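Rule-based calculations on the coordinates, nothing more; no lab input. Nothing here was measured: the structure is a model prediction, and the numbers come from that model. Cβ atoms come from the backbone with ideal geometry, glycine included; neighbour counts cover every protein chain shown.
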Amino acid sequence: MKIKSLFMAIGILLVSGFAMQAMTVNQFIDKLDRQEGVSRISLSPFVMKICSLFEDTKGVNSVKLLNLENCSPAMREQFIDDLRSLKDSDFDTVVSSNEGGEYSKILMKVEDGVIKEIVVCNIDGEIAVIQVKGKIKPENMDEVIEDNDGRR
């Protein structure tokens, strides 16, 4: 009887350990992308290729924006919990800030000195996730920020 209880306890610990496992960036984005009430805007590699004929895309291959404005409060809370548990060995956390009710997290995947992916998560009343993929040179980041800072 005691052995049976011991195996049961070990089984529960193993199952809860797998359930508490950190979520990867791709799992996080995929989970959000499938949720009802999430607004999506995507610029696919095809669209970005066409854009590159008219404008320098600075190595950006695709952009995805997910907005949780129309989601239920429960979904928003789940998003916040998932965001806090987000850990991915392929990504470096560049910014993680929690001030005055605002929470921001910026993750970056860099390979061979080239930025392959940037994920920006922001909660400030509105909840949004931006995923940018490509082969972006770090020196182009300043230009991209300057071009899109809204002060023209």
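Summing Lys and Arg as +1 and Asp and Glu as -1 over all other residues whose Cβ lies under 13 Å from the Cβ of Glu102 gives a net charge of -2. Built from the Cα atoms of segment 23-147, the convex hull projects on average onto 8.2 nm², one quarter of its surface area. Taking the average, over residues, of other Cβ atoms within 10 Å as the packing measure, peptides 101-112, 22-33 rank 22-33, 101-112 from highest down.
About the centre of its Cα atoms, segment 23-147 shows a dipole size close to 480 debye [charges on the beta carbon of Lys, Arg (+1) and Asp, Glu (-1) only; nearest 20 debye].
With Cα atoms defining each centre, segment 31-45 and segment 60-84 are spaced 9 Å apart in the structure. What does the charge count near Asp124 come to, summing +1 for each Lys or Arg and -1 for each Asp or Glu among other residues with Cβ under 11 Å from its Cβ? So the surrounding residues net to -3.
Beyond 21 Å in Cα-Cα separation lie the following of the pairs Lys31/Lys135; Lys58/Lys105; Lys31/Lys105; Lys116/Lys137; Lys49/Lys87: Lys31/Lys135; Lys58/Lys105; Lys49/Lys87. Peptides 42-54, 81-93, 128-140, ordered by how many other C-beta atoms sit within 10 Å of their residues on average, highest first, read 128-140, 81-93, 42-54.
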